[in-house]
Structure formats: C-alpha cells, structure tokens
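The values are calculated or read from the model by the stated rules, or taken from the named source; none is laboratory data. It should be emphasised that the depicted structure is a prediction, and the values quoted were computed from it without experimental measurement. Glycine gets a Cβ as well: all are built from the backbone with ideal geometry, and neighbour counts include every protein chain shown.
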Amino acid sequence: MGYAGVVAVAPASVPYQRFSIETAHWWIARALRETLQRAGLAPGDVDGFSVSSFTLFPDTAVGLTQHLGLTPRWLDHIPMGGASGVAALRRAARAVQCGDANVVACVSGDTNHVDSFRRMLSSFSRFAQDASYPYGSGGPNASFALLTDYYMRAFGATREDFGRICVAQRANALCNPHAVMKSPLTLDQYMNARVISDPIHLFDCVMPVAGAEAFLVMREEDARAAGLKCAKILSTIERHNAFPDDPIQMRGGWEMDLDELYSMAGCTADDIDLLQTYDDYPVIVMMQMEDLGFCKKGEGKEFVRARNLTIGGDFPHNVSGGQLSAGQAGAAGGFIGLVEAIRQVTGDAGPTQVANARQALVSGFGMINYDRGVCTSAAIIAGDGQP
Amino acid sequence: MTTPIVPPPKKNPQKRTRVPTRPSHFRSRAALGLAAAAAEGRFMLQTCAECGTVQYPPRDACTKCLSTDLPWKDIAATGKIIAGTTVHTSTNVYFRERMPWRIGTIRLDAGVSVMCHVHGDVQTGDNAKLINRLDKSGQAVLLAVPAGGAPNMEDDPQMRELTCDPKFRRVLIADARAPNALALAKAFAAAQASIIFMGEPEGWRPYPARKEIAKVKGVEILPLDVTDTASVLELVGEIGGKTDILVNNARYVRPGGIIGRTDVNLAKDEMEVNYFGLMRLAQGFGPGMRARGADGQNSATAWVNILSAHAWSNMPDYGAFSASNAAALSLSQCLRAELSAGGVRVMNVFTGPTEDEWHQPLPPPKVAPEAIARAVIAGLKDGLEDVFVGDVAKDLIERWRAGPKILEREMIESLGQSS
Amino acid sequence: MSAVENDAAAALGQFALALAGGDIEVVDLTHTLDPDFPVIILPPEFGQCARFRIEEISAYDHRGPGWKWNNFTCCEHTGTHFDAPVHWVSGRDLPNNSVDTIPPEKFIGPVCVIDCSEGSKSNDDFELTPDIIEAWEAEHGLIPADSWVLMRTDWSKRSGAAYLNMREDGQHSPGPTPAAVRMLVNDRHVRGFGTETIGTDSGQAEHYTPPLPAHYYLHGAGRYGLQCLKNLDLLPPTGAMLICAPLKIKQGTGSPLRVLALVQKDASIV
C-alpha cells in the first residue's frame, strides 16, 4: 500500500542550548510554533498531535493538549527515544491516509537542567534500575562501552575506525550554525581524548542539551495547494526487542525487516543519496550501516575506511553533524536526523545541503532498557531536491 | 593479581570523616528475590515452572511462555565474560568516589547475559563465575570472580565493598563471659582483626576463660554490661569511634516456658539481656558505626547478633528464651533498616541448642562455640545477613520456609523432650 | 509538764544543739548505690539478686525540658541493705516481721562495734567466735540487750572482685560462727547484727550447721540484719547511736537504705 498521498513538510529545529531553565513544555511549544509558521498554519489547524519527550513528567501528550490549547482528534505519545521520529512519521502518515486526521504535528523536545541527566539515568526503565544502573552507574556510556568492546573483539574494528565517523560528522557540523560543537576535530584529538568508559572516549559521546524538533504530516494535495515543499514517504519499518537471544547486541531490528524497507520503496541501498543514522555512539552507527544493507555484518570498518562520509563525500552521512556534534536534545535526538533529511530531499538544507540529494534513508534506534537498544526504526523519504 | 591490603595508617584526626554514600538502592519487587538469595550468599534466578526458561533480569512473566509462575532456584553461576569496560565517569556519587570501576557482560551457561561487576583478576574472554552479594546499598549485585579462585582474592577493592572482612579491622565482642567468647576471640585473631575488644560484665566475679581470653593476640578487655545503660554509654564514649564490627554475643538463657515457671523474673532477665541489651548496644554504638560506614579501609562494616534459631519458631521447653530471641530478631530487622544508610550490614547467626551448661541434658546435635565462631567469620567474609549454623538451625529454617504453621505443630510435639 | 517529760524535752533540745554545734557528728555507713557494686551470687538454678540499674527519664531535654529524673531497679537486698525476719524461712511466721510492720522505734538504737580487722587482713574466712566477743566485753563491758552489734573487718575498703572474693569453691569473706550468733541472739538478746561484707554470714557459711547461721538464728528470733556497711572504723566500740530505717515496702523482706551513726566528736580516735 505504501504511503501514497501523504507527505512530511515544514521541518523545524529550535536551536539547542547546553542547559536551560525552561521546561520541556516550553521547548515543545517553540518547535510547534516554528513548524506551523513555516507551513503558514495556525494552532487551530492542527487536528493530530504526536509528542516524544523524556522530561515532560508528570505530563504526557495529554497534558500538553490543554497546556498548549490544542483540540486534536488524534493524539499519540511515543516513548521510543531515538526511534521516535520515524515511529511518529509512520503513525501520523497512516492517520492522515485513513482520514483520522488532516494535519498531524510531530514534535519532540526536551529540556536539560543541571541534574536532568543524572535523574533520567537513575529512573530510566525497570531493568536499568534493577540490572544495569547499580553496576557502576556509568549510564549508556558504560552500556555502549560493553557493546563497543564486544564489537571490536568480534570484528576487529579499531578506535580509529570509529574515529573516522566522528571526525566526518564534526566536519559536517561546522556547516551547521546551530550545532553546539563549533571547533574542528582531528583523528589525533579523537584518539587522545580522555577515557569515559573504555573503549569509549570523550568524542564518542553526545552532549546532552535542551532543544526541540518538529515537522507536519498532511495530505500531499493539501501541501502542494499551500505551496509547501514536500518529502514523500517511500517506506518505513519498525521493530522492538529484536534478536532477544543474542548474548549481546551486535545487530538491530532493521535486519529483520530490511527487505520490506527496500521493496516497499522500490529501490536498493545504492539509490540512497544520504544516510542519517541514529548516532548515540559510533558503534551503533557502524551497526546501522551493516544492518541497513550498505555493507555486510562485520565489514563496517572496511566501509568507513573506504568511504567519505562528509557532505561533499561519496557517502554523505549525518550531514548536519548528527547528535555527536550537534547535540542530543533528549528525545529530539530521534527527530534530528529525520528533520534534516526532510530539508535535504526538498533542497532546503542551506549550508549543509548535499548536492542533488533526493532520496534519504533515516534510521532510528533507542531505549537501552537493560543491556541493548530495544527500539529500531527506519524510513526512506524522497523529494524533488534542489530546484 | 590482586595487591594484598596492608594495615591502614592511623586516621588523620584533622580530616572530616567521609560520609557514607551508596549505589542506587531502587529495585523492583521481583528483583528483590536476588537480595533474599544474596543474604545467604546463594546465586538464584527465576526459573519458569512451566517451560524451565531461566530469566534475567528478574521479571513478572516468563520471556518464552508468559507464565507468571517463576520460582527462584539455585543456578550454576559459571559463564564467560564476553565484554568488559572500566567506567571512569559516573552520575552516582558512590561510584564517582571509587573510579575507575570495572563492569562486564557475562554469558552464563544457564543461557542469560548478565551485566556484572568484574573482579580485578578476571579479564574479558575468561571463564568466570558469578557470586551474588549485597552491596553498600544493601541490595544484591553480581560480581564475576575467577572460577578457581585467586591469591588475595578478597582484597580486590571492588570485592571488599561487598564483604565485611575482619582483616585489619577492630571488633567489639560484647560479652567476654559467654561460652563462645574465647572461640570468637581466637577466630577473630586468626582472621587478622587488629584489635579485639572484649566487653566484660561484672568484673567483680571471676570466670574460668578470662585468663585464656587475655592471652589471645589483639584482645583488650574493657568493662561492658549490656543490662546497664551507663556502662554501654561509657564504653561508647571510649571506643564507639573505633568499633568496625560489633558482635553481640550477650545471651541469657534458661530452660522453661510459661506455666512451668511461677514468676516473670527469669523472663525479665532474658528480655533484659537478649532484647534490651541489643537495644542499648544499638542505641549506643549504632550512630557511630552508621556514620563510619565509608571511613577508609577499616570502616565500620557489620553488626553481628548470635540468635537462637527458635527466634523463628518457639521451642516450648525454652519458650520464654525463644520469645526473647524472636523479639531480638524483629529488633535486628529494625536495626538493619536504620544502619542501611551507612552501608553497615546486620548479620544474624542463628544456632540451634549450643554446647553449654544450660543445654547440657539435651541430646546432640549441639553447636560448639568453635562452630559459631567459624560461622561468624565466614559470614562476615561473604557479607551475609542470614547464617544458619549447625544441623538443627538449618533443618528448622527449611521447615519454616516450607510451612511455618506446620513447623509450629512440630515444635508443640517437642514439648517436654528437652527438659 | 512532768519531770520525765521535761527531761525528754531537754534531752531533745540538747541533742539538737549538740548536732548543730558539731559535738555530735553524723557518720555515713552506706555504700553508694551504683551498678558496679557486687551483689550476692547464688547457685545458677536459683533466682538471683537484681543488680542496681538506673535509667534516665529526662535530663533537661526533649524528654522533659525543665527537670531531670530517673527510674531505678534493684533487689531489696542490693547494696547497703536491711534484712527483716521474713527474709528467712526461720522467721516466716513471726509477727511484725516485714519492713513495713517492724516497729519504727527499732530503727534507732545503740550500737557496739567489734573490731576484727586485724584478723580479717590475713584471713579471708576470719570467724567471729564467742571467745572474741568475750574478749571485747572484758574491755568494753557486756553487750547491752537490744543493741546492734556490728562486726568491723575493714572489708569495705575492698572493691570489685576483691570485695566479692568469689573462688571456685564459692565466696570467701569473714563472718560469725553458729556459736557466736547463738550467743548474741540468745544470751545477749541483740536487736540485730551487721557486717561490711556482702552478707551477715561468712562467705563459706553454707558449710556450717545450720547453714547460714546468722540469717537462721537472727531472723528466727525476730532480729534484724545489716550488710555492706562501711566506715565502721570511724565508730567507737560503744556509745554511738545507729539509725537504719528501711523503706516501708509492703510485706518487704528488706531494702537498701541509708545507715547513719551518731557519734561523739573524735570518739573513734582510739
């Protein structure tokens, strides 16, 4: 069936801040307003609302409707972390396709107070509380250090291989005026940075920030009538708790549904102009490159040695810098890649624009419930590109 | 190779004592099953009663068949370390103070992957075994140790946080007159305690073992009578800040229940020593011990009570004594809660009838003082909470767990057989 | 007012003056009640004498801001104490045999002090015998009827383990022989007998016949006992007045009490 007739429009990003005294409600409101302004719409035009956030407690999307004065007939709260963006997109698209809503605002935002990170870690999930946080309380840095250690031993990847990903993303970030990291990063600096939880060092880690991202989903005919640049949705997949019997995570759920992703889109990996992976840590980036069909399992290291991952390179990847260089605004980290991709395929990315980008693959991953990321998602979107 | 610990230097009297901090203590109800197992040093996991699948992390329904019947079973703890890391930054103050800290993922032969603490002598790729112990928050954590042991294994800094080892620590044994006092003193000396304070009540009347006790290396005899508040407070004033381990071996035992006696005098004496004695000691020594839970290598680490197993189920021939121990058991649970903020363990060593004059006519098996002393030291070295020493105590707790009311009937049957 | 009444009034007046002026001194014969003071130890199968214990109720604090007070517990026979006839099986049926029924005039009376301190220095089991009593009487006159007789041993200068002096075969401290007690009770009609040791009987008196003769004969004859006294070395052999009023406990067998002696100033210096 595909997602014919439905498009994503009006990508909006609220510039990130390292720390903010504002609330998640405030950041979400900023992003919602921005996306509506870009689409020339008013809040009353929104009849579908999808929210992803870690710092809204005690509110959910429900509280936000009254807080922001919305009266939607379709409401969703997506707790999937880095997989939320694509999940929001595919749910909103079905709602519009089936007539349950006309205009769905998909918004993600989080604040970052001085103790937000610590509080989130200590109450992240029941399994994290019971079975990982008590062990050194190193948070996801320690959990992903274990995955990275395993991956390196199993497949012979080196720190330099991961460094290539980080260095390229930093180069991309320098073209993004809103990226929180502003100085260049060399491989030497990457290698010599202080250890966080070996083999994870400083530049393998995202910087938690406050921020928000948003886009709208509506019928293509309505978008074109309003003169909006549109990103079509060619295919999406979603999978949770894949491969539970793997002793440790070295592959994600994308592997289970990869064929459907490409066959629904009617293309192959070769047809992808840019790849936006969920980059909480470079090892997961490498895993996505493998599991999304760009190289074989275990050959991620050869792949990144051989390809140029910058905006102008032969394999543009995380072209606005990704979370590693632009910052991770909580659940908005699950939207940053998608929102940038919408800009890219509609030729609207400005200083980070990849030449002739028309087709993008956006991948989501998230929620280290215990020892592995439970949620995965991916989408292929396409647009008319630069005029 | 673990570097063996050395006797600590004298405490710097001008520095603030480090305030105890704790790892995260939040656990779901299912996860507390691990703590119950760790209290006895057992490694247990939920095993689905219907399909046999072993579960980890602890949960409410089987991951294979959704059954909610998930009894805890003793599980082989062996496996292979498949990933490891040394954490250098933590959001938790306890771990921040103890960086760097090694953790890893072990794939157990039982078919689950467990995130665990990793002993210094275990490397990624090694075969190892998990031990289930209580950390400073009083909750269960799993530590991967060398499967075949290693020299000075107990001195690994991460392992020491899970144990209450007497080595180079100062212990107070509350009652030098008790039949088990000499055995305890010798056992602590053999375990390399640096000072063994022996509390001596009623120094105005002699007791045979005093000469021998005074000869044990490290022993210092000081007046202490757990029935005398002023006596307790005076000793607290003197050595409260140096008591790393307190062994409450004070006990008043006489045969008799209710109707066979014609007054409450003996019962009052039993309560005065067994219950109020514990209360006085805890009121006196508790605050200092709780505050010193993180005070260097010879931090305050454990409170030990030696209780009758019949605290769990009354033995009518010693009915009043049993009741006083039941009171002490309940009180020790309160003490455990109150000391938990300091990371100080409360360990109860439960024994059946002991080998002494007040159990003289009872048939064997009876527990010798040496057996109690061994159990105390072994329990401290493993950081346990519940130790059952001797056949009677082990048998009793097994019956209690299988059905307390049935055990009560069996205890009623025993009336008259021990007098 | 009659002449006798005049004399009594005058005597009281003179007494008050003498006391105020220091010609009559008050000597305290009492040990401080404290938790460490030894008590008598009986075989383990028997009920035991409670030790003195004290628990603070409040001390100008949250438990009572303006005041300080304590609860204490002890046995009737803890520390310096009085034994009433009902304390012993031989006195159980006598009239007025408990502390609340003994006539109060019995609590003040003349006292004789027999000095056995030399002999007690070298012999823990020193015995007060009829010979020693007669030798004392040769010097100081017959013991008057209805007076107290105290056995001075200077044992009160000991403390702790040396005071109780418990050995493997029991406790060892000086005391009267059965014959000495019979003499005091039957021939001299004493009001009561007192010691510095932990009992009116010697430490090994269980081995006499009858066992524990001081308790047996004294209380069997309705007489009284005092123990754990001190400062007997400050008393003259005769001439002092003893004050020893026990607590008025309902059917009490004894009680800790304040034992005082009224002595002529400098009278003890011999």
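Key figures for this structure:
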| read-out | value |
| --- | --- |
| Filter result for the condition that a residue is charged (D, E, K, R) and over 22 Å from B:V247 (Cα atoms), over B:D395, B:D386, B:D382 | B:D395 |
| Qualifying residue in segment C:208-227 (condition: out of contact with any strand residue (DSSP E or B) (no Cβ under 7 Å at 6 or more places or on another chain) and charged (D, E, K, R)) | no |
| Out of A:A179, A:A173, A:A145, sole residue that is closer than 24 Å to A:I248 by Cβ and hydrophobic (A, V, I, L, M, F, W, C) | A:A145 |
| Elements of type helices (runs of 4 or more DSSP H) contained in segment B:251-345, each with 3 or more residues being away from chain C (no Cβ under 14 Å), of a type outside the set (A, V, I, L, M, F, W, C) and farther than 18 Å from B:I412 by Cβ | B:277-291, B:319-339 |
| Members of segment A:182-205 found to be away from chain B (no Cβ under 14 Å), crowded, with 19+ Cβ neighbours inside 10 Å and not in a helix (DSSP H, G or I), listed by number | A:L185 |
| Residue under evaluation C:Q204, criteria (1) touching a His at 6+ places or on another chain (Cβ under 8 Å); (2) surrounded by fewer than 21 Cβ atoms within 10 Å (Cβ to Cβ); (3) within 14 Å of chain B (Cβ to nearest Cβ), criterion not met | (3) |
| Identity of the residue in segment B:126-140, more than 10 Å from chain A (Cβ to nearest Cβ) and part of a loop (DSSP other than H, G, I, E, B), that ends up surrounded by the fewest Cβ atoms within 10 Å (Cβ to Cβ) | B:D126 |
| Subset of segment A:355-370 (residues that are over 25 Å from A:Y3 (Cα atoms) and either crowded, with 24+ Cβ neighbours inside 10 Å or under 16 Å from the mean Cα position of the chain (by Cα) (or both)) | A:M367, A:I368 |
| Conditions (1) in a helix (DSSP H, G or I); (2) polar (S, T, N, Q); (3) out of contact with any strand residue (DSSP E or B) (no Cβ under 9 Å at 6 or more places or on another chain): number failed by A:Q37 | (3) |
| Hits in segment A:261-306 - residues which are surrounded by 16 or more Cβ atoms within 10 Å (Cβ to Cβ) and out of contact with any helix residue (DSSP H, G or I) (no Cβ under 9 Å at 6 or more places or on another chain) | A:M264, A:C267, A:I272 |
| One residue from C:G222, C:G239 being touching a Pro at 6+ places or on another chain (Cβ under 6 Å) and either under 14 Å from C:W148 (Cα atoms) or aliphatic (A, V, I, L, M) (or both) | C:G222 |
| So B:S231, is it among the hydroxyl-bearing types (S, T, Y) and either in contact (Cβ under 8 Å) with a residue 60 or more places away in the chain or within 30 Å of B:P9 (Cβ to Cβ) (or both) | no |
| Those residues of segment C:207-234 which are hydrophobic (A, V, I, L, M, F, W, C), within 17 Å of C:I114 (Cβ to Cβ) and buried (at least 24 other Cβ atoms within 10 Å of the Cβ), in sequence order | C:A214, C:L218, C:L226, C:L229, C:L232 |
| Selection count where residues are in contact with a Gly (Cβ under 6 Å, 6 or more places away or on another chain) and surrounded by fewer than 17 Cβ atoms within 10 Å (Cβ to Cβ), scope segment C:34-70 | 1 |
| All positions within segment A:1-22 that are surrounded by fewer than 19 Cβ atoms within 10 Å (Cβ to Cβ) and of a type in the set (V, I, T) | A:I21 |
| Any helices (runs of 4 or more DSSP H) falling wholly within segment C:107-190 and containing at least 2 residues that are among the β-branched types (V, I, T) and over 15 Å from C:K230 (Cα atoms) | C:130-140 |
| Test: residue in segment C:73-81 that is buried (at least 19 other Cβ atoms within 10 Å of the Cβ), of a type in the set (D, E) and within 14 Å of chain B (Cβ to nearest Cβ) | yes |
| Residues that are surrounded by 21 or more Cβ atoms within 10 Å (Cβ to Cβ), β-branched (V, I, T) and either assigned to a helix (DSSP H, G or I) or outside the structural domain of B:P316 (by TED's automatic domain parsing) (or both), drawn from segment B:362-384 | B:I372, B:V376 |
| Count of segment B:68-88 residues which are of a type in the set (V, I, T), surrounded by fewer than 22 Cβ atoms within 10 Å (Cβ to Cβ) and within 14 Å of chain A (Cβ to nearest Cβ) | 3 |
| Extreme residue, nearest to the other protein chains (Cβ to nearest Cβ), among residues of segment A:220-247 that are of a type in the set (A, V, I, L, M, F, W, C) and buried (at least 18 other Cβ atoms within 10 Å of the Cβ) | A:A242 |
| Tabulated pairs, segment A:228-245, first over 22 Å from A:V103 (Cα atoms) and at pLDDT 95 or above, second among the small types (G, A, S) and in a loop (DSSP other than H, G, I, E, B), C-beta under 7 angstrom, 6+ apart or interchain | A:R239/A:G253; A:H240/A:G253; A:A242/A:G252; A:A242/A:G253 |
| Residue identified as away from chain B (no Cβ under 14 Å), free of Cβ contacts under 8 Å to residues at least 12 places away in the same chain and either aromatic (F, W, Y) or closer than 22 Å to C:P237 by Cα (or both) among C:W136, C:W67, C:W148, C:W88 | C:W67 |
| Where a residue in segment B:105-125 is more than 7 Å from every other protein chain (Cβ to nearest Cβ) and its partner, wherever it lies, is assigned to a strand (DSSP E or B) and charged (D, E, K, R), with Cβ under 6 Å and at least six apart | B:V118/B:R102 |
| Subset of segment B:38-67 [closer than 20 Å to B:L380 by Cα and within 14 Å of chain A (Cβ to nearest Cβ)] | B:A38 |
| Where C:T78 falls short, out of the listed (1) within 21 Å of B:K268 (Cβ to Cβ); (2) of a type in the set (S, T, N, Q); (3) not in a loop (DSSP other than H, G, I, E, B) | (3) |
| Long-range neighbours under 8 Å by Cβ, at least six apart or interchain, first residue within 19 Å of B:D165 (Cα to Cα) and of a type in the set (F, W, Y) within segment B:2-14, second at pLDDT below 95 and surrounded by 10 or more Cβ atoms within 10 Å (Cβ to Cβ) | none |
| Candidate set from segment C:81-93 (those that are more than 18 Å from C:K248 (Cβ to Cβ) and assigned to a loop (DSSP other than H, G, I, E, B)); member that is farthest from the chain's Cα centre (by Cα) | C:D93 |
| Lone qualifier among A:G2, A:G69 - being at positive phi and modelled with pLDDT under 95 | A:G2 |
| Filter result for A:T35 (at pLDDT 95 or above, hydroxyl-bearing (S, T, Y) and surrounded by fewer than 22 Cβ atoms within 10 Å (Cβ to Cβ)) | no |
